[in-house]
Structures are given as structure tokens and as C-alpha cells.
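**Q** Can you read through this structure? Questions will come right after.
The values are calculated or read from the model by the stated rules, or taken from the named source; none is laboratory data. If you're wondering where the values come from, they're calculated on a predicted model, not measured in any experiment. Methodologically, a virtual Cβ is constructed for each residue, glycine included, from the backbone with ideal geometry; neighbour enumeration extends over all protein chains shown. We work out accessible area using only protein heavy atoms, side chains counted, and drop any ligands, DNA or RNA first. Shrake-Rupley method; radii C 1.70, N 1.55, O 1.52, S 1.80 Å.
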Amino acid sequence: MSNFDNFDFNQALPLINEDTEFFPLMSQEDEEEMNNEQTPEVLAILPLRNTVLFPGVVIPITVGRDKSIKLIKDAYRGDKTIGVVAQKDVNIEDPEFSDLNAVGTVAVIIKMLQMPDGNTTVIIQGKNRFQLVEEVQNEPYIKATVVKFEEIRPKVDKEFKAMVASVKELAMQIIQFSPNIPSDAAIAIKNIESVSFLINFISSNMNASVSDKQLMLEVANLRDRANMVLKHLSTELQLLELKNQIQSKVKVDLDKQQRDYFLNQQLKTIQEELGGNSPDMEIEDLRKKSSKKKWSKDTASHFNKELDKLARMNPAAADYSVQINYLEVLLDLPWEHFTKDNFDLKRAEKILDKDHYGLDKVKKRIIEYLAVLKLKHNMKAPILCLVGPPGVGKTSLGKSIAKALGRKYVRMALGGIRDEAEIRGHRKTYIGAMPGRIIQSIKKAGSSNPVFVLDEIDKVGNDFRGDPSSALLEVLDPEQNNAFADNFLELDYDLSNIMFIATANSLSSIQPALLDRMEIIEVNGYTIEEKVEISKKHLLPKQREQHGLKLKDIALRPAIIEKIIEDYTRESGVRGLEKTIGSVVRRAATKIAMEEEYRPNFSYEDVQKALGPAYFDKDAYEGNDVAGVVTGLAWTSVGGDILFIEASLSPGKGKMTLTGNLGDVMKESAVIALAYIRAHSEELGIDHRIFDQWDLHIHVPAGATPKDGPSAGITMLTALTSAYTQRQVKRNLAMTGEITLRGKVLPVGGIKEKILAAKRANIKEVILCKSNEKDILEIKADYIKDMNFHYVTNMLSVIDLALSDKKVKNHLKIEYREEAKKQEYH
């Protein structure tokens, strides 16, 4: 009902003469009196453009046309009665008689005013409706003959009363929903008694087009007119409710935004006063840092795009901190920052030799890499995998390599990792998201070409969260890692300049595809001689420093260190040895702190006082006095060891018994050895008939220790042959090698550890497969100068080398027994 906006009762009333008997609200009596008034036969016609006048309604109109002004003045001087008719087309400036609607309203001029802008404003009140008949004059204004337009009064029943009540109620609701409509309108509607005037009053002021209002004016039946008004009011109310809902929602959003804006402005001011950084300053700081950053165009473009996104964010929003954290990670990464490699190969060699004793294979490979890199600067870094027992210096070797190359060093422990996101990171949209540990380690290193140690790569697990070893495939593939995709970064990162060094204790648990991508270098256990040197050069000085002692406070001779190694440690590496030396050093520190006398040059008795009795017995050769006992060589996780294969015969029915906690492969070696001896009994000088009359028992001492593997094959063969022939085994002899039914001897692994174990046990001669000769050549000549090696290809050669023609003392008579055979038949 926006037309109420154009008319304010409080403004209109003062314009009316005090002596005018006029009330804007018409009573029932006033309406009857108005209906009884005679309609003039001829009326001066005032065309209206934008409104329709209804009977009884008071409206102000502004008159601008010359014809209309003259008409108003003439009428105002006369009886003040005119005819008001709406134009069919509002755009016609000077309407003719034919341009007017057929039905209009008789109006009385209540007041005429000259406005300051020169326009004439008149207040008019509608009386009766009329219908145009014929034009009487055209100049200076239109006059026409008219007839009264009679109104049909409906029967006042319950339905009509309900309709009128609904009209009034809807009008009140519209006024309530429209803040621009004055409250006077609601008061006016409440006080209207006449139903006809109520309909006319609402029709005049409702938000409807001129044509719709004209249609209502032309409806003779009051019930039909009330129904039309009700429909319009209902539609308008629905639109108003929808409009108010939208405005309310927009207002709430705007109010919240304005509130947040003002609070942020206040917060910014407070931060500036306290000397902190406001969001704008933070963004500007990030932009300055990015301008100095050395990175590719794609990375710079992505960063600027994300920074612009941050600038559009509300600092109080939850995503703001996520976004700023993401940008800071991008800035902190050393995208195209590389440390300069030191190509002084002699210096690198000295550093590697100084930090680690032995490990010649690894050192050689590093020097080769440096040499090629010196010649070809854009060479892809190798991916090495150092495999060996614990404590041999695989991890610490990475630090030495980094020092030799002049690169940064970073280590990532893979032991126990089960989640793929540890490698690739999380999506940055997740709460608490961060890059994977590869990217985090590079960020920590501060350069894009560090020496990166992937420690314990064989200990990587997998579960429902993914397989980290599969994620490592991309990291360790030289053809792919130049564009490593981390979930958090959403950008490719080049890992091809990083020198990856993986460490592992065993290759068996590493995924084959991952193993294929790495260059495997075996790091074997140290010999006693190497451990003595390591103790002198590294372990003892380190323990002295950690315990606050000087060089003069404690000294250990090489012979004493060797005794410590043999009696108190049993390992391939030197971790246990370092702890043991630490215990000895602490004894000296205690003596100094308590001001007691002691000998700085420790003897073995002093060591025993510090460490207690010897933990281990030295591996010792046990002689060749008994037939069927042969010394074998074994590999263990802590280095090499010797073991004894014992074979014994007793009268029986040819049953074979195996004891000593043997594995399936070792049992199979015994079966193969016996089958070969039976097949070649004639060549070995054995009566084939005795196999069914003598039971065979094979035992390997240290029964609590599980034993398995094929390398005891030739030892089993020799022990069984010695037992059946009672021939003596040659002195100070040990052997290792796999056997087959065809009589072949096959190569085995762990040769270096086995040979060093043989040397410790004072073994002078060793029988090996011919194919293992290359492994002997890799052992330093100084360590094996007193030993003889016999290389064989078939099992009969083993027997010839291992057994003498002489029988042992107190030998058994192993022969075929006729009596036993006869008893069998009975």
C-alpha cells in the first residue's frame, strides 16, 4: 500500500479551511448523504495521469497543464465541483475526450494552494461515480455530459461480513509490515464505519497499477469490488513478507560483517599500538619475502594467487590461519637454493677415513660419485642402500658423507612408520595439516641438495592408513623424484639433487620394487683388528671426553682392547664395545673423583675389576681326536662363528636322528649328504650293507640356539663320511658350502664374517666353493696371511681334502654283521 506514502493525513489536514465541514473519514450518514446528491448533467473534466479517485476519498493532486490550471481556477471560483477521469495512456500530454476512461468520479475542490515552485496543488474529495456520455466542449478544457454510475449494494450476509473483515485485517497487516506507511493509515482504517468507503479508501491507497484501480472503479457490485481488493491485498502481503525475510537476512549478514569489520579495525589499531603486526602488515611482509625468494615462475605465480586469496579473507575466519601457515611453509622451503659441493676428492677421502675405519666399498662409491659430479655438474644423485648388522656405522656414515661433500645433513627415521601421510603429507584443508616428513626435513635442512639419510628402511610397516614403502617409490626413483607431489604443497618439488642414503639390517623385508630403485652396498661387520683400531681412534677418545678425563688419565693397550672385545662383546658392530669401554673409563673417573690411587695404563686385571668376569668364551678349535666331528663356519646377525657337526653311529636298523634345534634347510642338507654317501659308498670305501644295520645320529651343539641354512652341507658330508669310515679329520680345518645330490658344491654368503671367525678360532685351513674365491679377495690380505684356502667344485674333492687316510684312535668297527642279518630273518 505504498500510495499511502504520497499522502500524510497530518500534512493534509492543515491545508483544509477551518470553516470547511470536512472529515477525511466518512461516516455512514455522510455516505448516504453523498449518495443522495444529484450528479450535474454537464461537468468540466480533469484528466488524471497517475491515479484514480474513488468516492469519499481525499487526495492531493498537483496540476501542471495550462488547461487543467484554468479548469481548477474556474471551478474554485464557482461551485467547486469537477469531474475527474483517469487517462487510458499516461504518456499523452494533451488528452482528447477519446483518450479518457469511460467511468470517473465527481470531485469537490476542498483547497487550492500555490506552491513555491510555481505548481498548483489542490485537495479534492470524491463524491459519486459517473459515466461519460458526450463531449460538450474541447476548449479551453473538456466539458462533457455525464450520467450517474449506480452502485449495486449486496446483501449483507456472513460471507460478505467475513470478506470485509478479511480486507480490513490484510490492510492492517500490510501497514504493519511496511515501515514507510504512516501509522495514521492504520488509525484511519480502524475508524472507518462504512463498508463502501472502506473498500474505496483501501482501493485508492493500495499498491496497484492505475489500470487495476480503474477496473475496480468500474465494478458496480460492491461484493465483486471487495473480492478484487482482497485478492490484491493477499498478493501484496505475500510479497511484503518475502521481501521482509530477504531484507532481514541481508541485514543480519551485513550487521555481522559490519561488526566483524569494526572489531577487526579496532584489533588492528590495538596491534599497531602494541607494536605487533596487523593482517595487512603480515600480508605485505609475506609479499616482500616472496619477491626475494629464488623459485620458478610457476611457484611464484601459485604463491601470489594464494596470497591474494589470503588478502580477501576475514582475519577472524578459521581458514585464515590455515592459509597463512600454508604460505609460510612455501616461503620457508629452499626451492632453488643449493649448497656448493666441495670437489676436493683428496679432502673428502681424508674426512671419510678419519671418521670411519674400514667400510672401503662405501667410501669408494662416494669418491666415484664426487668425481663424476665434478666432471658433469647436473648428474642425478645416486640412491644408496647400506645393508649390514647393527652398530657398524651406517647412519653415522651419512654425516661423514655430508661433511665430505660440503652439504647439509638430514636424517629421517622410518622405523615403525605406518601411515602414508607421513611421507606425502595431508591435504592443507584438514585441521592440523602439515607437509610430509620428506618436505619437513628439506625445510629443516635449508637447502635442496642435502645428504638425506632414510634410516631403518627395512622397518617400514603398513596398515589400513596406507603403505609408506609404496609412497617411497616416488621419492627414491631418479626418473620420478624431480617432481615429487606432496599433498600439502599442491606443487611439485624437485628431489633429484638430494643424495639419499638408506640404511637397513636386512633386505628380506624391503619391497622388491623399492629394492630395485636403490644401489645396494653391503656393510659387513668389523674384524677384531678393525675394532681395535676403531676403539683407539674413536671410541676411547669419545668416552674420555664424555667423562671429563684427559689423555694422561687412562690408556688401553691394543692387547687389552682385544681382550675386551673377545671376552665382553659378541657383535658385528661396535655399539656394545663402546658401552663396555665406557664402563672401564667410568672406573678411572671414579678413582680420580674419590682421590684414590690407580694405574692409568689399565691391565687386564683392572678391566676385570671394572667389568667383572668374562661374559663370553673365545671360539676354540676342539681337535680331531674323534671321528665324525667336523668344524663348520656360520654367519650370525652379530658376525661370524664356528660350529661343530657331530655324527655318531650305533647298531640298529639304519634310522637317522637329527638334534640341535635345526631348521628345515639344515635337515635337508643332512638327508642329501647321507643319500650321496650311500650312492657313492664304493668310491668312499664303505660297505653299502652297513647302512641298514647302523643308526645315525647327527647333533649340532648349542641346542637352545636355532640354526638353519644350506652352508653346513659340506660339513655334514665330511662328518658322516668320517663317522662311517672312522677316518681322522685333518687338524685346524673348517669348511662352508652347499651341496647337491649330483655332488656339486655351491657358493654361500657371509664369507668375510665366517673367515674372520675361523681366524679367531685359530683355524689354518678352510675349504670353500670355487665361486667364493672372489669374496676372499675382498678381505684385506693382512687379516688372512696365515690361512690357506682350498676351493672345490665337487663333494668328493671335499672328502679328499678334509679326511686323512689314518683312522682315529679307539675307532669303532663299522662292518656288516651276518649274525644280525640271520636274527632279522628269524
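**Q** At q = 0.12, 0.16 Å⁻¹, what is the log10 ratio I(q)/I(0) for region 30-108, with the Debye formula run over Cα points and no solvent?
**A** -0.34, -0.61
**Q** Follow-up. Take each of the peptides 101-110, 528-537, average the number of other beta-carbon atoms within 10 Å over its residues, and list them starting from the highest.
**A** In descending order of packing, they fall as 101-110, 528-537.
**Q** Taking H placed 1.01 Å from N in the peptide plane, check which residues at least 5 places from Gly640 or on another chain put their amide H under 5 Å from its amide H.
**A** Ala757
**Q** At 7 Å along Cα-to-Cβ for each site, give me the label-to-label distance between Ser771 and Asp494 in nm.
**A** The answer from the label model is 4.4 nm.
**Q** Once the Cα gyration tensor of region 659-807 is found, what semi-axes does its equivalent ellipsoid get, as square roots of 5 times the eigenvalues, in whole Å, sorted largest first?
**A** Computed over region 659-807, the values are 26, 17, 15 Å.
**Q** Also, quick follow-up: How large is log10 I(q)/I(0) at q = 0.18 Å⁻¹ when the Debye formula is applied to the Cα atoms of region 325-365, each weighted equally and without solvent?
**A** The Cα Debye sum returns log10 ratios of -0.64.
**Q** Follow-up question, since we're still on this one. Would you grab the residues whose amide H sits under 5 Å from the one on Phe130? Only those 5+ places off in sequence or on another chain, please, with H modelled 1.01 Å from N.
**A** When sequence neighbours closer than 5 places are left aside, the close amide H contacts are Gly104, Thr105, Val106, Phe149.
**Q** Using 0.36 nm per residue of separation minus the Cα-Cα distance, give me the extension gain between Gln173 and Arg312 in nm, one decimal.
**A** Gain on stretching Gln173 to Arg312: 45.8 nm.
**Q** Ignoring ligands, DNA and RNA, what accessible area per residue does region 35-96 give at 1.4 Å, in Å²?
**A** On a per-residue basis, 49 Å².
**Q** If you roll a 1.4 Å probe over the heavy atoms of the protein chains, what accessible area per residue do you get for region 528-623, in Å²? Don't jump to the answer; show the numbers that get you there.
**A** On the way: 5300 Å² over 96 residues.
Per-residue accessible area for region 528-623 comes out at 55 Å².
**Q** Nearest 20 debye, what's the magnitude of the dipole of the chain about its Cα centre given +1 on Lys and Arg Cβ and -1 on Asp and Glu Cβ?
**A** Approximately 5520 debye in magnitude.
**Q** Amide H to amide H under 5 Å from Leu48: which residues, 5+ apart in sequence or cross-chain, H placed 1.01 Å off N in plane?
**A** Hits under the 5 Å cutoff: Val85, Ala86, Gln87.
**Q** Could you work out the mean projected area of the convex hull around the alpha carbons of region 522-646, in square nanometres to one decimal?
**A** Numbers: hull surface 37.0 nm².
So the Cα hull casts an average projection of 9.3 nm².
**Q** Along the positive direction of the dipole of the chain (beta-carbon charges: Lys, Arg +1; Asp, Glu -1; about the Cα centre), which of Gln480, Ile498, Ser209 reaches farthest?
**A** Positive-end residue among those listed: Ile498.
**Q** Would you please state the base-10 log of I(q)/I(0) at q = 0.06, 0.09, 0.11 1/Å for the chain, with intensities from the Debye formula using one equal scatterer on every alpha carbon?
**A** Log-scaled intensity ratios, in q order: -0.66, -1.02, -1.18.
**Q** Right, here's the next one. Report, in order of residue number, the helices in the chain meeting two criteria: a C-alpha extent of 24 Å or more along the helix axis, and a mean Kyte-Doolittle hydropathy of at least 1.6; treat each whole DSSP H run as one helix.
**A** In the chain, no H run is both long and hydrophobic enough.
**Q** Once you put a point 7 Å from the Cα of Asn244 and another 7 Å from the Cα of Glu159, both along the Cβ direction, what distance in nm separates them?
**A** That separation, rounded to one decimal, is 3.1 nm.
**Q** Same structure, new question: In whole Å, largest first, what are the principal axis extents of the Cα atoms in region 693-734?
**A** 30, 29, 18
**Q** Another question, if that's okay. Tell me, what % of the accessible area of the chain is carbon and sulfur with a 1.4 angstrom probe?
**A** Its accessible area is 50 percent carbon and sulfur atoms.
**Q** Between Arg678 and Lys780, with labels modelled 7 Å along Cα→Cβ, what's the label distance in nm to one decimal, could you check?
**A** Taking the two extended label points, one gets 4.9 nm.
**Q** Sort 209-216, 285-292 by the packing proxy (mean of other Cβ within 10 Å over each peptide's residues), most packed first.
**A** In decreasing order of mean packing, 209-216, 285-292 become 209-216, 285-292.
**Q** Return the subset of Lys376/Lys780; Lys127/Lys213; Lys459/Lys537 for which the Cα-Cα distance in this structure is over 23 Å, preserving the input order.
**A** On the way: Lys376/Lys780 33 Å; Lys127/Lys213 17 Å; Lys459/Lys537 31 Å.
Cα-Cα > 23 Å for Lys376/Lys780; Lys459/Lys537; rest within.
**Q** Just list whichever of Lys294/Lys399; Lys591/Lys759; Lys364/Lys730 have alpha carbons separated by over 32 Å in the model shown.
**A** Correct reply: Lys591/Lys759; Lys364/Lys730.
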